[in-house]
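Shown next, in structure tokens, is the structure this report addresses.
The values are calculated or read from the model by the stated rules, or taken from the named source; none is laboratory data. Bear in mind the structure is a predicted one, so any value in this text is a computation, not a measurement. Methodologically, a virtual Cβ is constructed for each residue, glycine included, from the backbone with ideal geometry; neighbour enumeration extends over all protein chains shown.
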């Protein structure tokens, strides 16, 4: 039987940075420059709830880290490191952990976010993991969720709904549209579900221009409702402006009723933000220069009502299920 | 069905500090004074592995937080806040969560360690929780595990082995000594297992005097072996000097063979540290002034052998099981 110390040395030490003290101490020291602040976030994932137990171990690892990095990006922060709690089921295999650790190490390197510490335990049941990620940003630069102001433009990054469609595909036994979709489109949507892309390139640009931001994890409709509510405002969205990928549009062409799923399903891990009208041009340009497409989808309005979603004919649309919940 | 937002507002918001942003944002901002550094640690606990599923919810909550605070104390750090990942089993009850949250809020207040953020999910199986705790300390003041030096005095705080005996009691169906022990002693040992006392009062004193320190979570024998190994030294311990509580001594009087369990069982959450001989008097005095009894149990020696434990006759003792492993 392998000890936890051996497990650390073999699988996890390679992804530790200097601050992690080689993962050999009780706690990790994190160097913070005097002119920067720390932000911290945590996300837990369980097999059978957030991912499928038979997903590729590398996909599970990447998603667990990236959903946390997505939160940091939304706050305007740069990753500084992460901690991993991993509960392995009784029947874990070395190949599984090798693949899991290799993918995590690759992401840790690519996103410049070293492993600072962690805890590996036996799970009495399914695989469970929790990642806590630390980020830093210039003092006072954090982008809060609750500061959207009436008149702000509302933007999203990337495209919306791909992951929700990908999840429907992953579940299998799915409706007609999944079979009618070509292979490339299916692969694209599935990849968007399995491998979110944290929008870290957008972080400093949000810090410079956004009034408020959050990442979209529980669906655009639900998350915009949350952002509006905590900001004490409402919003008007034109559905016709919401960016869909070619693959999502191909699926929509087969089954137009899929639209609600795309707008309310979870796992986008795109950025939703509010930007003052006077800054919107600079925001769009800076985002483009950073390689991220952002799209204006509507405006922040006064009042305390739930956001309004208007179809291309200007009629308000309501959704059967407002928000996706992982809980 | 209760939503995660309602869960946060009802159960967790009361224990959030200012930095936690009322737990309504994607990430928490942590204020770090310019002259201080951040240390961070994480510990995961699963029902049936680290605690009994039918332990009182308040005991589970306190232990989960305190084992992390114990790590911070060992590094010389002051708590700054914590994050909680909680996977609730399908059959969770509101009374359970009410008691869990009330105890956690009490500890968060008592230890000046507010909740900064977290994630609550459904567990596909048993209860699982992971806490990440942040601490701060003056720049350069962290007490490392790997800096014990030949000639240093070796100290432990409090008493050793109580929790291991308490766990044996908690397991039930136990050997003769448990039945022969009086009620007060049994309650004391059980409490030591269920409710570790993080030695935060010792943190600044370790920072001032200790060469190396760690908290004892996997048994004195195993943890001293770890500290010696990473420091590249050995150690000589006199078993007769190891502090046992009255209750542990009463159990030992009934069954002397219990000694090995006390020295190798886990869950002490006392501090093990190495202090230069020239500083040992000041260390003892400062610890006493802070209300913590520390006891010199031996010395750091040269060489790379495993630490030697000597019985009162000066004969080396070996242990069947070197270290307790939670993994």
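Observations on the structure shown:
So that you can scan it fast, the table gives a plain yes or no per residue for (1) more than 9 Å from chain B (Cβ to nearest Cβ); (2) assigned to a helix (DSSP H, G or I); (3) in contact (Cβ under 8 Å) with a residue 24 or more places away in the chain:
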position: A:26; (1), (2), (3): no, no, no
position: A:32; (1), (2), (3): no, no, yes
position: A:41; (1), (2), (3): no, no, yes
position: A:60; (1), (2), (3): yes, yes, yes
position: A:67; (1), (2), (3): yes, yes, yes
position: A:70; (1), (2), (3): no, yes, yes
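- Considering segment A:90-120, the residues that are in contact (Cβ under 8 Å) with a residue 40 or more places away in the chain and at the interface with chain B (Cβ under 9 Å from one of its Cβ atoms) include one that is farthest from residue B:90 (Cα to Cα), namely A:116.
- Hits in segment B:227-267 (condition: touching a strand residue (DSSP E or B) at 6+ places or on another chain (Cβ under 7 Å) and buried (at least 21 other Cβ atoms within 10 Å of the Cβ)): B:227, B:228, B:231, B:233, B:234, B:235, B:237
- Residue count, segment B:43-58 (criterion: more than 7 Å from every other protein chain (Cβ to nearest Cβ) and either in a strand (DSSP E or B) or in contact with a helix residue (DSSP H, G or I) (Cβ under 6 Å, 6 or more places away or on another chain) (or both)): 4
- Residue within segment A:161-169 that is modelled with pLDDT of 95 or more, away from chain B (no Cβ under 14 Å), touching a strand residue (DSSP E or B) at 6+ places or on another chain (Cβ under 7 Å) and not in a strand (DSSP E or B) present: no
- Residues in segment A:138-152 that are more than 7 Å from every other protein chain (Cβ to nearest Cβ) and surrounded by 23 or more Cβ atoms within 10 Å (Cβ to Cβ): 3 in all.
- Of all the numbered requirements in (1) more than 28 Å from residue B:214 (Cβ to Cβ); (2) touching a helix residue (DSSP H, G or I) at 6+ places or on another chain (Cβ under 9 Å), residue A:93 misses one, and that requirement is (2).
- Residues that are within 19 Å of the chain's Cα centre (by Cα) and surrounded by fewer than 24 Cβ atoms within 10 Å (Cβ to Cβ) within segment B:112-135 comprise B:112, B:114, listed in sequence order.
- Strands (runs of 3 or more DSSP E) wholly inside segment B:103-160 containing at least 2 residues that are modelled with pLDDT under 95: B:115-122, B:128-138
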